[in-house]
Amino acid sequence: MRAAPTSATNIAGRGVAMLAWLATIPAVMQHLTQEQFGLWVRLSSLIAMLDFSGLCIGNRPLSGLAEAYCYGDRRRVRALGSRAMIVLSAVPARIVVGAANDIATVNRAVAFGLY
């Protein structure tokens, strides 16, 4: 019964976030060069895509933690909490390492068609 209002609120929140992002475009365009604006759009799109997808790992650790907490299994709560922290920290860490590698190795002139 609570799924419908929660889903509606989630969709509305994403809609507001998208409208806010669209509202910032004119202001950003005035202060950035074409190349900088292209990079801003590319990074913003990547962040939005990762946020929207949720990387398919956020709900499972939380569900397991909630179940263990409901049954009062403190040992399992600690174990699942540790695993959830490792998993949820490893994915962003991998993204940061990959982005750092790309920054160091990608020829931006070719990537943005500036040659």
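The values are calculated or read from the model by the stated rules, or taken from the named source; none is laboratory data. All of these numbers come straight from a predicted model, not from anything done at the bench. Neighbour counts run over all protein chains shown; Cβ positions are idealised from the backbone, glycine included.
Data overview
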{"quantity": "Residue check, Ala68 over 30 Å from Gln34 (Cα atoms), at pLDDT below 80 and either in a helix (DSSP H, G or I) or under 22 Å from the mean Cα position of the chain (by Cα) (or both)", "calculated": "no"}
{"quantity": "Scope the stretch 23-48; condition touching a residue at least 60 places away in the same chain (Cβ under 8 Å) and farther than 16 Å from Ala99 by Cα; matching residues", "calculated": "Glu35, Gly38"}
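Matching residues to (1) touching a Leu at 6+ places or on another chain (Cβ under 6 Å); (2) in a helix (DSSP H, G or I); (3) modelled with pLDDT of 75 or more:
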residue: Leu39; (1), (2), (3): no, yes, yes
residue: Ile47; (1), (2), (3): no, yes, yes
residue: Pro61; (1), (2), (3): no, yes, no
residue: Arg78; (1), (2), (3): no, yes, yes
residue: Ile86; (1), (2), (3): no, yes, yes
residue: Val91; (1), (2), (3): yes, yes, no
residue: Ala100; (1), (2), (3): no, yes, yes
residue: Ala104; (1), (2), (3): no, yes, yes
residue: Tyr115; (1), (2), (3): no, no, no
